[in-house]
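Inspection log for the structure reproduced underneath, given as structure tokens.
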Amino acid sequence: MNHFLNEISKDLTTTNVERYWPNFELVAYALYDKNSVFLFNHPRYDNDPLKLYKVLKWKEQFVGNTLILFEGYPTAIADMELYDDYEGLFSILIHELFHGNQYIKSEKRFPDEMLGITYPLTKENVDIRNRERKHLYNASLETDISKKKQYLKKFIDLREKRTEGIKEHLTYENLIESVEGPAWYVEIKAFSEKSPLANDLILKKYGKNLIDVVESTSNIRRSCYSSGLFMCLLLDELSPDWKGSFFGTNATLFDLIKLLNIAPRKQAIEDVQISHETEATINFAVESRKKELDEFEAQIDK
């Protein structure tokens, strides 16, 4: 995997990342494996113009793909051992670098994470939420503008209906989407540039997370990443200049979707009929939560 190091360094030196997002500023970044950390663009180590990166011994801070404060400076990190393809590694690094950009821009749309832990898995909410996500997916894939707007109207109305019962927790969803959705958005842009896959196949690849009812119910937080991404893509189509002022506002992505001129009147929503699939999905999600809690408590007791 080390043969990707020079290629990534070259790409991030020559690529204008502002084509992914306006005023995208790069922070430090590091690729790592179980033995070594390859650190780029860090002010504490960026003092030898002949070396593209600094090689450090692996440290416990370097776990997963995320943004960390390494020696006081925001640093995007990516685990090289998780990727066999260049486009996957490059795009996840762009994703984490965007979180660094959010840090620099003082992003404040972070939710209370306790709301994710206490998120209500009621049958009605889960059923409507899964239908809502399907309409969002269909709106993104639809090429006929009239049908696209019809799908989007249904998405908006279903989410507004859910607001009636879980307002505080729906705010949690809206905020997660608004922080993580744009990071997935720049990721898919970078992936599309490097991947040989056609754009429609890439959209469907990322869309799997949006319409998988088990995944979307089992991990509410993670499921908001894909709904945020697809709202970003729809805003690109229907309000192309939306990104320019995004960091200057507290508006969520859903707020911006509602501002689109697509829903002159609220449509009637059919009665909720709880499916067997919804009930099975909720049971699985509840058991998964219980298992995670039991494992966490077992770790504490050790």
- Message: With the cut-off at 1.5 for a/c, could you classify the stretch 136-257 from its C-alpha gyration tensor as rounded, prolate or oblate?
- Response: rounded
- Task: Give the Debye-formula value of log10 I(q)/I(0) at each listed q (0.15, 0.20, 0.28, 0.32 Å⁻¹), with one equal scatterer per alpha carbon of the stretch 28-78, two decimals each.
- Result: -0.34, -0.61, -1.15, -1.40
- Message: Tell me the mean residue ellipticity at 222 nm calculated for the chain from its helices only (DSSP H runs of n ≥ 4, each -39500 (n - 2.57), averaged over every residue, nearest 500).
- Response: -19500 deg cm²/dmol
- Item | Student exercise, the chain dipole from Lys, Arg, Asp, Glu Cβ charges, in Debye to nearest 20 | 660
- Within the stretch 167-186, find all residues whose amide N lies under 14 Å from a label point positioned 7 Å from the Cα of M114 along Cα-to-beta-carbon. 169
- Note on the structure: In the stretch 154-193, taking the dipole from +1 charges on Lys and Arg beta carbons and -1 charges on Asp and Glu beta carbons about the Cα centre, the listed residue (L170, I156, A190) farthest towards the positive end is I156
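So how do W58, W242 rank on accessible area, 1.4 Å probe, biggest first, that is with the largest at the start?
Working: W58 90, W242 15 Å².
Putting W58, W242 in descending order of accessible area: W58, W242.
So what is the accessible area of the chain per residue, in Å², with the probe set to 1.4 Å?
With all protein chains present, the chain gives 52 Å² per residue.
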- Message: Below 8 Å between Cα atoms, with a sequence gap of 6+, how large is the relative contact order for the chain in percent?
- Response: 18
- Rounded to a whole %, the carbon-and-sulfur portion of the accessible area of the chain at a 1.4 Å probe is 50
- Total charge dipole magnitude, the stretch 1-84, about the Cα centre, Cβ charges on Lys, Arg, Asp, Glu only, Debye to nearest 20: 220
- State the Cα centre-to-centre distance between the stretch 166-205 and the stretch 23-63 in whole Å. 26
- If you rank E193, E177 by how much accessible surface each has, with a 1.4 Å probe, what is the order from largest down? E193, E177
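For the chain, what proportion of DSSP beta bridges, expressed in % and rounded to the nearest 5, is antiparallel?
Values: 13 of 18 bridges.
Antiparallel: roughly 70 percent of the beta bridges in the chain.
Using Cα pairs closer than 8 Å and at least 6 residues apart in sequence, work out the relative contact order for the stretch 4-96, in percent. Each step should come with its number before you reach the end.
Working: 127 pairs, mean separation 23.6, N = 93.
After rounding, I find 25 percent.
Using only Cα atoms, what Kirkwood radius does the stretch 1-136 have, in angstroms?
One decimal place: 16.9 Å for the Kirkwood radius.
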- Query: Given charges of +1 on the Cβ of Lys and Arg and -1 on the Cβ of Asp and Glu, with all other atoms neutral, how large is the dipole of the stretch 118-242 about its Cα centre, in debye to the nearest 20?
  - Reply: 320
- Query: Can you give the angle from 0 to 90° between the axis of helix 220-238 and the longest principal axis of the chain, with both taken from C-alpha atoms, to the nearest 10?
  - Reply: 90
- Query: Any idea what Rg and Dmax come out to for the stretch 121-177 if you just take the C-alpha atoms, in Å?
  - Reply: 12.0, 35
- Of N23, M80, I104, farthest towards positive along the dipole that unit charges on Lys, Arg, Asp, Glu beta carbons give the chain: N23
- Task: Over 29 Å between C-alpha atoms is what I'm after, so list which of K167/K194; K123/K204; K57/K205; K108/K204 land there.
- Result: K167/K194; K57/K205; K108/K204
- Task: Show me 200-206, 92-98 ranked by packing, highest mean number of other Cβ atoms within 10 Å first.
- Result: 92-98, 200-206
- Please give, to one decimal in nm, the separation of the simple spin-label points placed at W58 and D144, each 7 Å out from Cα toward the Cβ. 5.4
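The values are calculated or read from the model by the stated rules, or taken from the named source; none is laboratory data. What you are looking at is a predicted structure, and each value in this text was computed from that prediction instead of being measured. Quick reminder, even Gly has a Cβ in these numbers, built from the backbone with ideal geometry, and neighbours come from all protein chains shown. Calculation scope for accessible area: heavy atoms of the full protein, side chains included, ligands and nucleic acids excluded. Shrake-Rupley method; radii C 1.70, N 1.55, O 1.52, S 1.80 Å.
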